[in-house]
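Input: a single structure, listed below in structure tokens.
The values are calculated or read from the model by the stated rules, or taken from the named source; none is laboratory data. Quick caveat: nothing in here was measured; it's all calculated off a predicted structure. Cβ placement follows ideal geometry from the backbone for every residue including glycine, while neighbour counts extend to all protein chains displayed. Remember, those area values only see protein heavy atoms, side chains included, never the ligands or the DNA or RNA. Shrake-Rupley method; radii C 1.70, N 1.55, O 1.52, S 1.80 Å.
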Amino acid sequence: MPENTSHNDLTTSIEIEFLLEGIFRRYGYDFRSYSPAHIKRRLINKMKQNKFRSLSEMQHHVLHDKNFFNSLLKDLSINVTEMFRDPAFYVALRKEVIPILKTYPFIKVWHAGCASGEEVYSFAILLKEEGIYDRTQIYATDFNNNILEVARKGIYPVDRIKEYTVNYQKAGGKYSFTDYYLAKYNSAIIDQALKKNIVFAEHNLVTDTVFAEMHVIICRNVLIYFNRDLQNKVIRLFNESLVHGGFLGLGTKETIQFSNYNAQYTDVNKELKIYKKKVNE
Amino acid sequence: MKPQYKAVVIGASAGGLYAFKQIISVLPVDFFIPIIAVQHISPDSENYIITFLNNHSAITIKEADEKEKLKPGCVYFSAPNYHLLIEKDATLSLSTEQKVNYSRPSIDVMFETAADTFGKGVIGIILTGANQDGTAGIRAVKEAGGLTIVQDPTEAETPAMPKSAIEASAPDHIFSLDGIADFLLNLHQAHNKG
Ligand SMILES: C[S@@+](CC[C@H](N)C(=O)[O-])C[C@H]1O[C@@H](n2cnc3c(N)ncnc32)[C@H](O)[C@@H]1O
């Protein structure tokens, strides 16, 4: 029976609502406050790939088949990342954040939404080159355990190395990028020494709690997937996890400007979204 | 009943800078509906097109920010290295998901969400370019009942993209750049007369 488009539209939005509710209650992952257009796109793609006729039909598989849910989680989480993405961000960290970190006896860093870890190793390289890696503890978290496994291994396709080498140089790298990986067959294996002070752990920004007393929090290209309310909630989590005078680095298209915490921060670099939490007033 | 347009979406690749200029520079400062544009661009570009077009246009041109509310009298250009999506509440979202048609931003991604949001209230326009991005997008606009326009490939700096769009969607109009500009101006004037 042919249905008109507004009918279809309504049906689809009901199906999405039910599916997200089901995922939350069954698996604990809460996508209900993510950007709707993004979620819809991912769900419809998944439905088409698997030749389901409707999201309702897919819902059955999502709720009954954990493996299928895991593959959907992968689709919903967008793990796309790279080493030294936005090289200017790292140049700014080097110039404006590292000199202050150098005055600390011990440094705690949190990478939230670290995906497959490239960003974490990039920052580790920077800390190493600046001579403060050995007194830094890095917590790298993501809500997707499968992608964390990739991050822990630190083995990346060798065909991306060219691009990463260019990024490294643009990011102000002091030595040769080849110092930091071992090329083997089709893989680039991250230098073991870079892993020494990194702990990878599962953490969901929507449903889990604070990480205490961080000096630096880096969370890039995660907030863009959240609606304004959820962004505000997550920025609050960062605010509570950060020491006074601590640094927050977001993605170039993200901002704390519209959150309730804006007044508690100063811009370290406005363009590159590096903020400093004000010292207690 | 005459259609109630709510937004214009435009996509271009190679040759887009000057094609956009010819259209955008003639639009009035208070153009009656928002315009959302995707221009293929290298990931670490400074998005020079925005400065360039602002220097040549009355209407405001800006880089799209996430969760930003669409307003008339403004052209929103996608940011380098991010996909641009349009939400049902007429706000913008960004995403770093995989490239689509080797492109991020992808015209298809933006057009498909525009079709979903505005339905028959969207005008989709494909300009010059060297690849197939935008083809699925313009088809989605058409299927949603929107109006489709493609730049005349014989005039385009790079014809592959408009050609592909025409083959796939049989657009409502095939216009030169001046023809597209006139068409939008006429809509604006008709709208103002009420
Ligand atoms: C686009 S990647 C960003 C990777 C890296 N930070 C970068 O900018 O290149 C987004 C990551 O956020 C993670 N993510 C999404 N929602 C999350 C949540 N609620 N809690 C923790 N991580 C989340 C995804 O699994 C994904 O790995």
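Of B:PRO80, B:PRO105, which residue is out of contact with any helix residue (DSSP H, G or I) (no Cβ under 8 Å at 6 or more places or on another chain), touching a residue at least 60 places away in the same chain (Cβ under 8 Å) and more than 9 Å from chain A (Cβ to nearest Cβ)? Please lay out each step first, then the result.
On the way: B:PRO80 fails: touching a residue at least 60 places away in the same chain (Cβ under 8 Å).
Step by step, each of B:PRO80, B:PRO105 is checked, and only B:PRO105 is out of contact with any helix residue (DSSP H, G or I) (no Cβ under 8 Å at 6 or more places or on another chain), touching a residue at least 60 places away in the same chain (Cβ under 8 Å) and more than 9 Å from chain A (Cβ to nearest Cβ).
Restricting to the stretch B:62-77, count the residues that are more than 9 Å from chain A (Cβ to nearest Cβ) and surrounded by 23 or more Cβ atoms within 10 Å (Cβ to Cβ).
First, the residues of the stretch B:62-77 that are more than 9 Å from chain A (Cβ to nearest Cβ): B:62, B:68-77.
Subsequent filtering for residues that are surrounded by 23 or more Cβ atoms within 10 Å (Cβ to Cβ) retains B:75-77.
So the count comes out to 3.
Does A:ARG85 satisfy the criteria of being surrounded by 21 or more Cβ atoms within 10 Å (Cβ to Cβ), within 20 Å of A:LYS273 (Cβ to Cβ) and of a type in the set (Lys, Arg)?
Values: surrounded by 21 or more Cβ atoms within 10 Å (Cβ to Cβ): yes; within 20 Å of A:LYS273 (Cβ to Cβ): yes; of a type in the set (Lys, Arg): yes.
So A:ARG85 passes the test.
If the requirement is being in contact with a strand residue (DSSP E or B) (Cβ under 8 Å, 6 or more places away or on another chain) and on the phi > 0 side of the Ramachandran plot, which of these qualifies: A:GLY249, A:GLY245? Spell out how you get there, then give the answer.
On the way: A:GLY249 fails: on the phi > 0 side of the Ramachandran plot.
Every option except A:GLY245 fails the conditions.
Which residue is nearest to the ligand (Cβ to nearest atom), if the candidates are limited to the stretch A:80-94 and must be outside any loop (DSSP other than H, G, I, E, B) and out of contact with any Lys or Arg (no Cβ under 7 Å at 6 or more places or on another chain)?
A:PHE89
Could you grab me the full set of residues in the stretch B:130-143 that are touching a strand residue (DSSP E or B) at 6+ places or on another chain (Cβ under 7 Å) and either surrounded by 24 or more Cβ atoms within 10 Å (Cβ to Cβ) or among the small types (Gly, Ala, Ser) (or both)?
B:ASP133, B:GLY134, B:GLY137, B:ILE138, B:VAL141 - these are the residues of the stretch B:130-143 that are touching a strand residue (DSSP E or B) at 6+ places or on another chain (Cβ under 7 Å) and either surrounded by 24 or more Cβ atoms within 10 Å (Cβ to Cβ) or among the small types (Gly, Ala, Ser) (or both).
Can you tell me which condition A:ILE256 does not meet? The list is (1) touching a helix residue (DSSP H, G or I) at 6+ places or on another chain (Cβ under 7 Å); (2) in contact (Cβ under 8 Å) with a residue 24 or more places away in the chain; (3) within 14 Å of chain B (Cβ to nearest Cβ), and all the others hold.
(2)
Conditions first: (1) under 20 Å from B:GLY129 (Cβ atoms); (2) open to solvent by 30 Å² or more (accessible area, probe 1.4 Å); (3) more than 16 Å from the chain's Cα centre (by Cα). B:LYS193 passes all but one, so which condition is the exception?
All conditions pass for B:LYS193, except number (1).
What strands (runs of 3 or more DSSP E), lying completely within the stretch A:151-236, carry at least 1 residues that are surrounded by fewer than 19 Cβ atoms within 10 Å (Cβ to Cβ), modelled with pLDDT under 95 and outside the structural domain of A:ARG32 (by TED's automatic domain parsing)? Don't jump to the end; show me each part of the working.
Working: elements: A:155-157, A:181-184, A:187-190, A:198-202, A:214-219.
Correct list: A:181-184.
Output the residues belonging to the stretch A:95-119 that are within 16 Å of the ligand (Cβ to nearest atom) and surrounded by fewer than 18 Cβ atoms within 10 Å (Cβ to Cβ). Even if it seems obvious, please write down each step before you answer.
Pass one, the stretch A:95-119, residues within 16 Å of the ligand (Cβ to nearest atom): A:109-119.
Within the stretch A:95-119, no residue meets the criteria.
Only one of B:ALA90, B:ALA7, B:ALA14 is among the hydrophobic types (A, V, I, L, M, F, W, C), at positive phi and surrounded by fewer than 23 Cβ atoms within 10 Å (Cβ to Cβ); which?
Numbers: B:ALA7 fails: at positive phi; B:ALA14 fails: at positive phi.
The unique qualifying residue is B:ALA90.
State whether the residues of the stretch A:54-71 include one that is under 17 Å from A:SER13 (Cα atoms) and part of a loop (DSSP other than H, G, I, E, B).
For the stretch A:54-71, residues under 17 Å from A:SER13 (Cα atoms) and part of a loop (DSSP other than H, G, I, E, B): present.
Identify, by number, the condition in (1) away from chain B (no Cβ under 12 Å); (2) within 16 Å of the ligand (Cβ to nearest atom); (3) crowded, with 20+ Cβ neighbours inside 10 Å that A:LEU55 doesn't meet.
(2)
Count, please, the residues in the stretch B:92-102 that happen to be among the polar types (S, T, N, Q) and more than 9 Å from every other protein chain (Cβ to nearest Cβ). Spell out how you get there, then give the answer.
Our first condition is that a residue be among the polar types (S, T, N, Q); within the stretch B:92-102, this holds for B:93, B:95-96, B:98, B:101.
Filter again for more than 9 Å from every other protein chain (Cβ to nearest Cβ), leaving B:101.
Residues flagged as among the polar types (S, T, N, Q) and more than 9 Å from every other protein chain (Cβ to nearest Cβ) within the stretch B:92-102 amount to 1.
Among the candidates B:ILE35, B:ILE41, B:ILE61, B:ILE23, which residue alone is over 16 Å from B:THR117 (Cβ atoms) and in contact with a strand residue (DSSP E or B) (Cβ under 6 Å, 6 or more places away or on another chain)?
Numbers: B:ILE35 fails: over 16 Å from B:THR117 (Cβ atoms); B:ILE41 fails: in contact with a strand residue (DSSP E or B) (Cβ under 6 Å, 6 or more places away or on another chain); B:ILE23 fails: in contact with a strand residue (DSSP E or B) (Cβ under 6 Å, 6 or more places away or on another chain).
Within the list B:ILE35, B:ILE41, B:ILE61, B:ILE23, the selection yields B:ILE61.
If you take the residues in the stretch A:10-49 that are within 14 Å of chain B (Cβ to nearest Cβ) and hydroxyl-bearing (Ser, Thr, Tyr), which one is surrounded by the most Cβ atoms within 10 Å (Cβ to Cβ)?
It comes out as A:SER35.
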